[in-house]
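Notes for the one structure printed next.
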Amino acid sequence: MEQEVYALKRALIEFEKNIHCSDRSRAIESVDEMIFILKRLKKNLLDSSIKEKTNFIKIDCKIINRIDFMYKPVKKKNYYEGDYLLEFSKERTNELKEAGILDIHNKFWTEHKTIKGNVFGSVPKELISKKAEKSLIRNGWIEVSVNILDIKSRNVDVKEIIEFCDLNFKHYILIKEEATSTFLILEYEI
């Protein structure tokens with residue numbers, strides 16, 4: 001990588017020289033060379049980053065159950081931008097009240113403490129009535145299957161579990177089951 005950095009510096013010096021001499025065609029060649037080098041540097045950095053991450057954490061976990069949940073989709077790619085999650089939360093709460101299941105939702109998520117995740121609205125389908133399910137569907141909620149994964153290794157740091165989840169699951173919630181003090185991963189098949 002050191003050689004690419006030196007090549008980039010040489011191309012930049014060449015570019016500066018050509019700009020001052022008003023040699024546009026050579027200046028453009030220098031810019032093309034810098035772009036080529038920068039793309040190569042970026043690829044090398046991304047490749048090494050992926051290798052580091054995939055080799056860094058392996059956690060032994062096993063699917064112990066599969067449950068259907070009602071899920072409220074997030075409609076914004078960058079949901080941390082602005083106050084989107086606050087508005088999403090208010091809307092979710094109103095929709096759960098309208099369906100008459102806010103207490104069921106809150107009880108479930110109190111018993112299963114959320115540690116980290118990227119799903120912000122869901123409730124197990126088996127806990128709600130058909131009437132409540134229809135109400136949620138009218139408000140844009142969808143039914144999804146959720147794999148429940150048990151983490152076999154008990155001596156794993158929470159930060160490692162979070163990194164493992166971030167790398168391996170597109171939609172998930174890491175929970176700590178209050179009754180047993182065990183960590184479980186809810187993998188949403190969205």
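The values are calculated or read from the model by the stated rules, or taken from the named source; none is laboratory data. Being a predicted model, the structure only gives us computed values, none of them experimental. Virtual Cβ from ideal backbone geometry, glycine too; neighbours counted across all protein chains shown. Just so you know, the surface numbers come from the protein's heavy atoms only, side chains and all, with ligands and any DNA or RNA stripped out. Shrake-Rupley method; radii C 1.70, N 1.55, O 1.52, S 1.80 Å.
Restricting to the range 55-114, give me the number of residues that are in a loop (DSSP other than H, G, I, E, B) and of a type in the set (Lys, Arg).
Here is the first cut: in the range 55-114, the ones in a loop (DSSP other than H, G, I, E, B) are 57-60, 72-83, 100-101.
Add one more test, that the residue is of a type in the set (Lys, Arg), and what stays is 58, 72, 75-77.
Residues meeting the conditions: 5.
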If you scan the range 80-107, which residues turn out to be open to solvent by less than 30 Å² (accessible area, probe 1.4 Å) and either touching a residue at least 40 places away in the same chain (Cβ under 8 Å) or touching a helix residue (DSSP H, G or I) at 6+ places or on another chain (Cβ under 7 Å) (or both)? Glu95, Leu96, Ala99, Ile101, His105
What are the pairs with Cβ atoms under 6 angstrom where one residue, in the range 158-170, is on the phi < 0 side of the Ramachandran plot and the other, located anywhere, is assigned to a helix (DSSP H, G or I)? Sequence gap at least six, or different chains. Leu167/Lys53
Just one listed residue, out of Leu167, Leu127, is of a type in the set (A, V, I, L, M), more than 30 Å from Ile59 (Cα to Cα), open to solvent by 40 Å² or more (accessible area, probe 1.4 Å) and out of contact with any strand residue (DSSP E or B) (no Cβ under 8 Å at 6 or more places or on another chain), and it is Leu127
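Would you be able to tell me the number of residues in the range 48-75 that are farther than 30 Å from Leu102 by Cβ and at pLDDT 70 or above? Break it down into steps so the answer makes sense when it comes.
Filtering the range 48-75 down to residues farther than 30 Å from Leu102 by Cβ leaves 48-62.
From the residues that got through so far, the ones that are at pLDDT 70 or above too are 58-62.
The number of residues fulfilling the criteria is 5.
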Of residues in the range 175-190 being part of a loop (DSSP other than H, G, I, E, B) and touching a residue at least 12 places away in the same chain (Cβ under 8 Å), the one farthest from the chain's Cα centre (by Cα): Ala179
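Working only within the range 115-138, note down all residues that are outside any helix (DSSP H, G or I) and of a type outside the set (Phe, Trp, Tyr). Spell out how you get there, then give the answer.
Within the range 115-138, the first condition is being outside any helix (DSSP H, G or I), and the residues that meet it are 115-124, 128-129.
Passing the criteria: Ile115, Lys116, Gly117, Asn118, Val119, Gly121, Ser122, Val123, Pro124, Ile128, Ser129.
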Within the range 140-156, is there a residue that is surrounded by 16 or more Cβ atoms within 10 Å (Cβ to Cβ) and in a helix (DSSP H, G or I)? no
